[in-house]
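Right, one structure below, let's go through it.
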Amino acid sequence: MASAQSSSQHVGSFTRNPCQRRPAPLLIYDFHMRRVITFGTFDLFHVGHVAILERARALGDHLTVGVSTDALNQRKKGKNPVFSQQDRLRIVSSLRAVDAVFLEESLELKESYVREHNADVLVMGDDWTGRFDFLRPLCEVIYLTRTPEISSTGIKEYLQSPDFLSNPPLR
Ligand code: C2G
């Protein structure tokens, strides 16, 4: 009983401790993790956001998400998101499909973000088609079809429309 316990503890520390001196199995040296990166505001988080994040994650082994800051939205769209950057970051980081998050401060920093996070693939929705093709020497660039009939802007408009009080769900 005692030996089974110490053996399982040993295996646990072997797999988790990066300073472990024992040589790692060859499998680990050969393994190349395909790292995916994507970006977005993810305000009023909805099913279109879930869909693109799940599809982005399925294209690799690790998904990093850049969540745009409130200041970036102010500059880009002239308005603040409904939810603060801290809340949007927290929502996105809670998803099973998402492995890491960070705050995207500027649209012009895509190249450094791709390098910093060692991304092999950049994924964006097809509303961004062509915009990031210049990164192709650095990483694969994939534009995924947006989920139809849902957007943060559409939700805001619906909440302000007379339909909202009388009608069934938006989608
Ligand atoms: N998206 C989608 N389907 C929808 C709505 C959004 O696939 N119905 C995708 C968008 O194409 C985008 C991601 O979800 O890839 C996030 O969408 P937004 O929050 O609207 O992101 P945006 O404001 O476009 O910010 O550096 C790029 C920006 O940070 C992107």
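The figures follow:
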quantity	calculated
Loop-located GluC sites (Glu not before Pro) in the range 109-171, at most 16 other Cβ atoms within 10 Å (DSSP)	GLU149
Positive minus negative residues near ASP120 (Lys, Arg vs Asp, Glu; Cβ under 10 Å)	0
Under 25 Å from the Cα of LYS156 - lysines, other chains or at least 8 residues apart	LYS76, LYS77, LYS79
Order by protection proxy (mean Cβ within 10 Å, highest first), peptides 64-74, 80-90	64-74, 80-90
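Any read-out appearing in this document is the output of simple, stated calculations on the displayed coordinates, not a laboratory observation. All figures in this text were calculated on a predicted structure; none of them were measured in a lab. Using ideal geometry, Cβ is built from the backbone for each residue, glycine included, and neighbour counts are taken over all protein chains shown.
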